[in-house]
Every structure is written in structure tokens, then in C-alpha cells.
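Here's the structure we're looking at; comments come further down.
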Ligand SMILES: [Mn+2]
């Protein structure tokens, strides 16, 4: 892909830092992989080629006690990136949110004011500008109490606003073959990414979406896949992240 803005989005998703596979806690694997990706984003950050760290959802379920370790991990990594001048964007996934009516989620510690400058937690449809001229349109998963219509976000985009440079979501994709995210890791309801509307309105704008645990390119949507193999039945390689030139 041709580099236009001199920005590289480094995208990972579905860390599931609370996961247990066949009785084994996976926190260590996930933490190592996540730190490796952050270290890469930092070491490759240059003036001519700036890094943008993107987490596309599903840090941890909010109910097991292990979720605190997961929140600490994400907070540590966000601080590390921030200290190195790498902006980071953190979307909520269907596992992160609570149906408590307040829009609570496992990424809240990152958003509590303890992390300064350019760390953004995205728990509602949002546009962000981590760099000049670089608009990132985000479609996080939200609880029922904060529901939105992703198609309407695209339809109602103001005509005078420039197109996004990157679209990131943690929504469902119609027709994709499913894996452990819909079996062992089922949670929440189905809200679909409006792929056709996005491709029609902004052809060529890269779309990345978390949620699916097998990394793949499906109907133009880049899917990083889960950071670790979360069930014994999963064959895809790990850890995995995507690097997209903007
Ligand atoms: Mn998910």
C-alpha cells in the first residue's frame, strides 16, 4: 500500500488477558506478546514514519478477578507508549463492556486521568486525530444502554469533513466463517460493521476489525486475530498484529 501520511498503524486485538486454556492461565503469554508489539511500535517510531498503536477490543471479561491484572497490563502499555511519544487508541470489545447502564468496561483505568497526553479510550462511536490530517473513525462495541447505529454514523458524516484515514471496529461481520469468538468466547449481541456502506463512501480507506480470533482479510476488512491461540482447536499462528501504512 502506498504511504500517504507517513504513519503506520500497528493494530492488535482480542488480547483476552483473562483467558484460561485447558486449565492454564494465559496471562503470561498475552502480556509478553502485547509488550513485544508495544516495543516494536516504539522502536519503529521515526519522524518520517510515525507509529500509531491501535487496540481493537476485547482486553478481558469484566467479571473474573483476573480482569484487574488485564487492566493493569493495558494501563502499563499505554503509559509506555505515551512516554515514548506514540499515540494509542483503545476500543472496547464485546467482552470488555458491562451491562450496568453506566457504560462501564475493563479499559476504564486507562481513561481515569492517570494517563496523560495521547492515550484515547473509545467506548462510543468516535473520530480521533492522533496526528495532523489523520482521522481515525472508531466503531467500538457498546452495551445495550449506549447502543448506536453504525450505518447512520457513515450516512450522517458531514460532507465538509475529510474522509477518515483509517476505520477501526469491534463489530460483527456478516458471512465470515466463525471461530472460538462465537463458541468458547461468545458474549453480547450482534452489531454488524456496515462494510458495504463504508466501501461505497470511502473506497480504499483501510478497515480493521477485531473480534474474530483467526487473523484474515475478509471482504476488504483486515482482521488482526487474537494475540494468543485461545483454544486448543485454533490453528492460526500467534502472536499476530497488523501494520498498515496510512
Ligand atoms: Mn469480541
request  = Starting from the Cα gyration tensor of segment 11-68, take the square roots of the eigenvalues, sort them a ≥ b ≥ c, and report rounded, prolate or oblate (rounded when a/c is under 1.5, otherwise prolate if a/b is larger than b/c, else oblate).
outcome  = prolate
message = Can you divide the C-alpha Rg of the chain by 2.2 N^0.38 Å and report the result to two decimal places?
response = 0.93
task = Please give the contour-minus-distance gain from residue 182 to residue 117: 0.36 nm per residue of separation, less the Cα-Cα distance, rounded to one decimal in nm.
result = 19.8 nm
ask   = If r is the Cβ-Cβ distance from residue 160 to residue 4 and R0 is 25 Å, what FRET efficiency results, to the nearest 0.05?
value = 0.75
query = So, in Å, what gap is there between the alpha-carbon centers of segment 154-217 and segment 70-144?
reply = 18 Å
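At a threshold of 8 angstrom on Cα-Cα distance, excluding pairs fewer than six apart, so keeping six or more, what relative contact order does segment 87-230 reach in percent? Intermediate values should be presented prior to the final figure.
Values: 251 pairs, mean separation 29.9, N = 144.
About 21 percent, as a whole number.
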note = Length gained, residue 68-residue 99, 0.36 nm per residue minus C-alpha separation, equals 9.4 nm
remark   = Out of 72, 183, 201, a Gaussian network model of the chain with alpha-carbon springs under 10 Å gives the largest mean-square fluctuation to 183
note = Over the chain, the sum of -39500 (n - 2.57) across DSSP H runs of at least four, divided by residue number and rounded to 500 deg cm²/dmol, gives at 222 nm -6000 deg cm²/dmol
inquiry  = Just to be sure I understand: of the beta bridges DSSP finds with both ends in segment 1-80, what percent are antiparallel, rounded to 5?
reply    = 35 percent
ask   = When the gyration tensor of segment 44-95 is built from Cα positions, what are the square roots of 5 times its three eigenvalues, in whole Å, from largest to smallest?
value = 26, 12, 5
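How big is the equivalent ellipsoid of segment 144-198 along its three axes, where each semi-axis is √(5λ) from the Cα gyration tensor, reported in whole Å from largest to smallest?
Numbers: eigenvalues 136, 36, 17 Å².
The three semi-axes for segment 144-198 are 26, 13, 9 Å.
Please report the antiparallel percentage of the DSSP beta bridges confined to the chain, to the nearest 5.
On the way: 15 of 38 bridges.
Once the DSSP bridges in the chain are tallied, antiparallel ones form about 40 percent.
When only C-alpha pairs under 8 Å and at least 6 residues apart count, what is the relative contact order of the chain, in percent? Spell out each step's value before the answer.
Values: 545 pairs, mean separation 58.9, N = 246.
Normalised by residue count, the contact order of the chain is 24 percent.
From the C-alpha gyration tensor of segment 131-246, pull out the three semi-axes of the equivalent ellipsoid (sqrt of 5λ each), sorted largest to smallest, in whole Å.
26, 17, 12
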inquiry  = Run the Debye formula on the Cα coordinates of segment 10-119, all scatterers equal and no solvent, and tell me log10 I(q)/I(0) at q = 0.10, 0.18 1/Å.
reply    = -0.28, -0.85
remark   = Note on segment 58-146: alpha-carbon gyration tensor, axes a ≥ b ≥ c; rule is a/c under 1.5 for rounded, else prolate if a/b larger than b/c, else oblate; result oblate
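Coordinate-derived values only; no laboratory data. All values reported here derive from a predicted model rather than from experimental measurement. Cβ sites come from the backbone with ideal geometry, for glycine too, and all protein chains shown count toward neighbours.
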